[in-house]
Amino acid sequence: MSDIAKDRVDANDAEETEQQPRRAVKTTEIEEGDPWNTIEAAFLKRRSIRRFKKKQVPAHMIRRILEIGRFAPSQGNCQPWKYVVVRDRETITEMENFCADMCRKISGALDYTAYKKGTFARWRSETFLKLFAKWRPSNMHPVPFGAVNLIANDRFKVFHHPPTIIIPLMDTRGIGHPEIDLGIVGTNIVMAAHSLGLGTCWVGLASFLNDSAEWRERLGVEEPYQLIEAISVGYVLGKPMQNTVARETHETLWIEDGEKNLIY
């Protein structure tokens, strides 16, 4: 090879080194119909767990899960979160009792059908229902409202008796939509736990704790942070992973080459 040709090769190598990362990302080419890979299969097999063993999860495993959560993407890398980990059984029981009591209060106040038509009690209950719907419209969806009624009647548990509860607090100063960033963090936590053979369950009704000055103090929730979700974590009791969970096939608008098509 001539010196000129060698210089050109060296120059090209240098240019590629500057433009490309030191470790190139390996792209896996798949064909239509190929089996799910390990990560895809993990997402498909994950289940929400509502029965946990009493055995406590080792602290180092929880720290490992939190580290995976720390690497979740966020808008502008703002990272609008911090964690609270509760592993004290008495505290968890008190959290359960408080949230269950809130469910009983809400269920009793909103169930206007318990009163006769035309009575002041029914009017009062209906008025409270309308005000609550404006305050927390998402909570009036049949799913969470149904859960509230079940918990009020002691037919369902808020946290499901886990040995550990992870609470990712949301920093309201986060840019854009910090609640979305918090959801991504939660997904990292849930999937990291799943990869370690642990079960998890999102607990939206844990947000009742944020409305209590006492519980905010006990859990170290200070402004500008808010407690809007919690994640129960523990060893799985039974074999819920074998259960099939129905998933709706959503309509997708596919735009390509100037055309719009609906796919399912």
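Below, the figures for the structure above:
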| item | result |
| --- | --- |
| Every residue from the stretch 75-104 that is of a type in the set (Lys, Arg), out of contact with any strand residue (DSSP E or B) (no Cβ under 6 Å at 6 or more places or on another chain) and modelled with pLDDT of 95 or more | Arg89 |
| The stretch 26-47 residues that are part of a loop (DSSP other than H, G, I, E, B), paired with ones that are not basic (Lys, Arg) (beta carbon under 6 Å, 6 or more apart) | Arg46/His194; Arg47/Pro240; Arg47/Met241 |
| Only listed residue being of a type in the set (Asp, Glu), surrounded by 10 or more Cβ atoms within 10 Å (Cβ to Cβ), at pLDDT 50 or above and over 30 Å from Asp88 (Cβ atoms), chosen from Glu15, Glu40, Glu32 | Glu40 |
| Matching option when the condition is touching a Cys at 6+ places or on another chain (Cβ under 7 Å), among the small types (Gly, Ala, Ser) and more than 23 Å from Thr91 (Cβ to Cβ), among Gly238, Gly174, Gly197, Gly183 | Gly174 |
| Scan of the stretch 109-125 for residues that are surrounded by 13 or more Cβ atoms within 10 Å (Cβ to Cβ) and of a type in the set (Lys, Arg), ordered by number | Arg122, Arg124 |
| Count - residues of the stretch 110-122 that are at pLDDT 85 or above and in a helix (DSSP H, G or I) | 1 |
| Arg173, sole failed condition from (1) farther than 20 Å from Cys99 by Cβ; (2) part of a helix (DSSP H, G or I) | (2) |
| Strands (runs of 3 or more DSSP E) contained in the stretch 182-264 and holding at least 1 residues at pLDDT 95 or above, crowded, with 19+ Cβ neighbours inside 10 Å and under 13 Å from the mean Cα position of the chain (by Cα) | 198-203, 230-235 |
| Given (1) surrounded by fewer than 17 Cβ atoms within 10 Å (Cβ to Cβ); (2) among the hydrophobic types (A, V, I, L, M, F, W, C); (3) part of a helix (DSSP H, G or I), number of the condition Ile106 does not satisfy | (1) |
| Hits in the stretch 66-103 - residues which are part of a loop (DSSP other than H, G, I, E, B), surrounded by fewer than 16 Cβ atoms within 10 Å (Cβ to Cβ) and charged (D, E, K, R) | Asp88 |
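The values are calculated or read from the model by the stated rules, or taken from the named source; none is laboratory data. As the structure is a prediction and not an experimental result, all values here were calculated from the model. A quick note on method: Cβ atoms are made from the backbone with ideal geometry, for glycine too, and the neighbour counts reach across all protein chains shown.
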